[in-house]
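Chemist: Below you will find the structure I want to go over with you.
The values are calculated or read from the model by the stated rules, or taken from the named source; none is laboratory data. This one's a predicted model, so the numbers in the text were calculated from it and none came from an experiment. Positions of Cβ are backbone-derived with ideal geometry, glycine not excepted, and every protein chain shown enters the neighbour counts. All accessible areas refer to the heavy atoms of the entire protein, side chains included, with ligands and DNA or RNA removed. Shrake-Rupley method; radii C 1.70, N 1.55, O 1.52, S 1.80 Å.
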Amino acid sequence: PAPPTPKQKITSTMNLHAASSILGTALLGAIATAQDTTDTSAYEALGVDGSGTTNPSKCFRHIMAKLEEQIKLPTRFSYRAVGSGTGIKEFLGKGIKDENTENGVETDTFEAYNDFGAGDIPISKVDRQTWNDKGIDFVQLPFVLSAVSFFHNIPGVPSGERGLNMTACLLSKVFNGDINTWDHADILDINPGLNVRADFPIYVGRRVLGSSSTYSITHYLNAQCPQTDAQPDGWPDDKAASEIEWHPSTNECDGSSLMTACIRQNEGSIGYIDAAHGIEEGLTEIRLENGDGKFLTSADAGDAGVQAAAVDLSKVPDKADGDFSEVEFYNMPGPNTWPISLLSYVYIRKDLSHIKNPARRTLLKAFATALFDPDYISLCERYGHIPVPTELRKISLDGLEMVESEAPASDDWIFEESTMAGWGNGDRVISKKRGSFVLYEADRIADDIVPLAEDLRQLKLEMASLKAQGVLSSGATAKDVILGLGAMVGGAMMLGLY
């Protein structure tokens, strides 16, 4: 029989992925409803629920799925990706409406609405002091670093060395409505090869609710291009925050998915998003000016460039229950340092009495411990997340020791690293010897798809470059290029040239 075509291979992979997802859902459903008829209390489903930043949501969910397959008892982890601002509100019990309507009055209840919160921004000094004064102490556990970047949709303009260069001062003018066309003299001054039509309008996308990506890009703009008497068009101090008053010409694009759609569906658009998500979606990244005045993309900077931003830890407190509000890694020096590096946190209350089941309290601590175990946190590398430096890791692990579960020793969870005969089959053992075929197959498929996605991304960049040089018409698609290349190769083979 003839070998499968590339289209058949992709279709087969997609069908296998769909089948795996269906099988996984069925298996999870069967596990969740399973009960031991002799001792139902021993097999009561346990759960841990978190909410917060969308940035590391895939990282959380992957680790949660891994833990679920390694635990003998029915277990259900969940994470709501609602943004850093909402995650902090639900963790603290801050600004919660008294009724689920637009007219609801926001009040501080001081009650926890999640087992843990997560964000790419530290809890403010004022909030920390206010909650501490109420007798509510908590730890902030930094666990990964990642990059945020700007992306655009200017037809014919690629990423990379021939891509669009932007400084923080230019971006400030764009997002403040002072520059509204791509052929503005200030933009062309640092992009002499930019070929756009006259008065080509800029569509500015921005987030709505409290967002860590808004927090990070506004701090970058303020760090590199602060508003001063000598620089009145710079970014003001009071607009470096997770939620700000935007210029009316900007467009609401709330959440990572909607921001992606805003950029993709509007020619001439510009927006910001966590870099790994934007690259995965095939968006065109802007070359930003870093602290050393060098233009680069997050892909150019790589993991080393993101890590280089976190070399100076002088503003990090000695303990996890300290004040992290001054910790930031924006516009840091270094030739290849990425200028918008995020530090992601998990927030956990020291007193877990709001979680009624003691076994759930200890399971929460076990989950948080896994975030600092190389076997688990390494799963997040594919999503653009980098483990924190050793010093921050130690602060976080010491912070976990401050969390009081007040649970009996029998509810403590242990990790089976090497085989423990008999003991490894205990109810409170997270065994790395257990596994799920569904997760194995999903990981294998993902490993196969990653290089294909990168090839497609590179093809799109080459297309953009060819369009910019006038080699391709502006309406050409990836399919047209593939068919054209196929025809060229076929003709060469017929002539004996290939």
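Chemist: Between residue 98 and residue 127, with labels modelled 7 Å along Cα→Cβ, what's the label distance in nm to one decimal, could you check?
Modeler: 2.2 nm
Chemist: Which whole-Hz ³J(HN,Hα) couplings does segment 195-208 yield from phi under the Karplus relation 6.51 cos²θ - 1.76 cosθ + 1.60, θ = phi - 60°, glycine and proline marked x?
Modeler: With the stated coefficients, segment 195-208 comes to 10, 10, 5, 4, 6, 5, x, 9, 9, 9, x, 8, 6, 10 Hz.
Chemist: Under a point-charge model restricted to the Cβ atoms of Lys and Arg (+1) and Asp and Glu (-1), what is the dipole moment magnitude of segment 257-368 relative to its Cα centre, in debye to the nearest 20?
Modeler: It works out to roughly 780 debye.
Chemist: Determine the sum of side-chain charges near residue 116: Lys and Arg each +1, Asp and Glu each -1, restricted to other residues whose C-beta is under 12 angstrom from that of residue 116.
Modeler: Once positives and negatives cancel, what remains is +2.
Chemist: Separate question: Explain nothing, just compute: Karplus ³J(HN,Hα) = 6.51 cos²θ - 1.76 cosθ + 1.60, θ = phi - 60°, for every residue of segment 209-221 in order, whole Hz, x for Gly and Pro.
Modeler: 6, x, 10, 5, 5, 5, 4, 6, 6, 5, 5, 5, 4
Chemist: Another one. Treating the beta-carbon of each Lys and Arg as +1 and of each Asp and Glu as -1, no other charges, what is the dipole magnitude of segment 124-196 about its Cα centre, to the nearest 20 debye?
Modeler: 220 debye
Chemist: Now for a separate question. Among 155, 87, 177, which residue has its Cα positioned farthest towards the positive end of the charge dipole of segment 63-182, with +1 placed on the Cβ of Lys and Arg, -1 on the Cβ of Asp and Glu, and the dipole taken about the Cα centre?
Modeler: Most positive-ward Cα: 155.
Chemist: While we're here: Provide Rg and Dmax in Å for segment 161-247, with only Cα atoms included in the calculation.
Modeler: Radius of gyration, then largest Cα-Cα span, for segment 161-247: 13.5, 37 Å.
Chemist: Can you list residues from other chains, or at least 5 along the same chain, whose modelled amide H is less than 5 Å from the amide H of residue 416?
Modeler: 430, 431, 432
Chemist: Please list, by residue number, every one of the chymotrypsin sites (Phe, Trp or Tyr not before Pro) in segment 58-105 that is coil in DSSP and has at most 11 other beta-carbon atoms within 10 Å.
Modeler: For chymotrypsin sites (Phe, Trp or Tyr not before Pro) across segment 58-105 that sit outside H, G, I, E and B with at most 11 neighbouring Cβ atoms in 10 Å, the list is empty.
Chemist: Could you work out the percent of alpha carbon pairs in segment 94-246 separated by over 19 Å, rounded to a whole number?
Modeler: Tail of P(r) above 19 Å: 66 percent of Cα pairs.
Chemist: List the residues whose amide H sits under 5 Å from the amide H of residue 150, counting only those 5 or more places along or on another chain, with H placed 1.01 Å from N in the peptide plane.
Modeler: For residue 150, whose amide H was placed from the backbone, the distant partners under 5 Å are 286.
Chemist: What whole-number value in cubic angstrom gives the convex hull volume per residue for the C-alpha atoms of segment 354-408?
Modeler: So the per-residue Cα hull volume is 97 Å³.
Chemist: Whole-Hz Karplus ³J(HN,Hα) for segment 127-140, in order, using 6.51 cos²θ - 1.76 cosθ + 1.60 and θ = phi - 60°, x for Gly and Pro?
Modeler: Couplings: 5, 4, 5, 4, 6, 4, 5, 7, x, 9, 9, 8, 10, 10 Hz.
Chemist: So what's the net charge close to residue 347: Lys and Arg +1, Asp and Glu -1, counting the other residues with Cβ under 13 Å from its Cβ?
Modeler: Here the charged neighbours net out to -1.
Chemist: Around residue 309, which amide H atoms from residues at least 5 apart in sequence, or from another chain, sit under 5 Å from its own amide H, with H modelled in the peptide plane?
Modeler: Distant-sequence amide H within range of residue 309: 338.
Chemist: Next up: Given a 1.4 Å probe and every protein chain left where it sits, what share in percent of the accessible area of segment 222-300 is carbon and sulfur?
Modeler: 41 percent
Chemist: Leaving out ligands and nucleic acids, and using a 1.4 Å probe, what accessible area per residue does segment 281-344 come to in Å²?
Modeler: 39 Å²
Chemist: OK, next. If you count only protein heavy atoms with a 1.4 Å probe, what accessible area per residue comes out for segment 84-145, rounded to a whole Å²?
Modeler: Heavy-atom SASA per residue in segment 84-145 reads 45 Å².
Chemist: With the cut-off at 1.5 for a/c, could you classify segment 390-446 from its C-alpha gyration tensor as rounded, prolate or oblate?
Modeler: Verdict is oblate for segment 390-446.
Chemist: Can you pull out the GluC sites (Glu not before Pro) in segment 40-102 that DSSP calls coil and that have at most 16 other Cβ atoms within 10 Å?
Modeler: Passing sites in segment 40-102 are 44, 99, 102.
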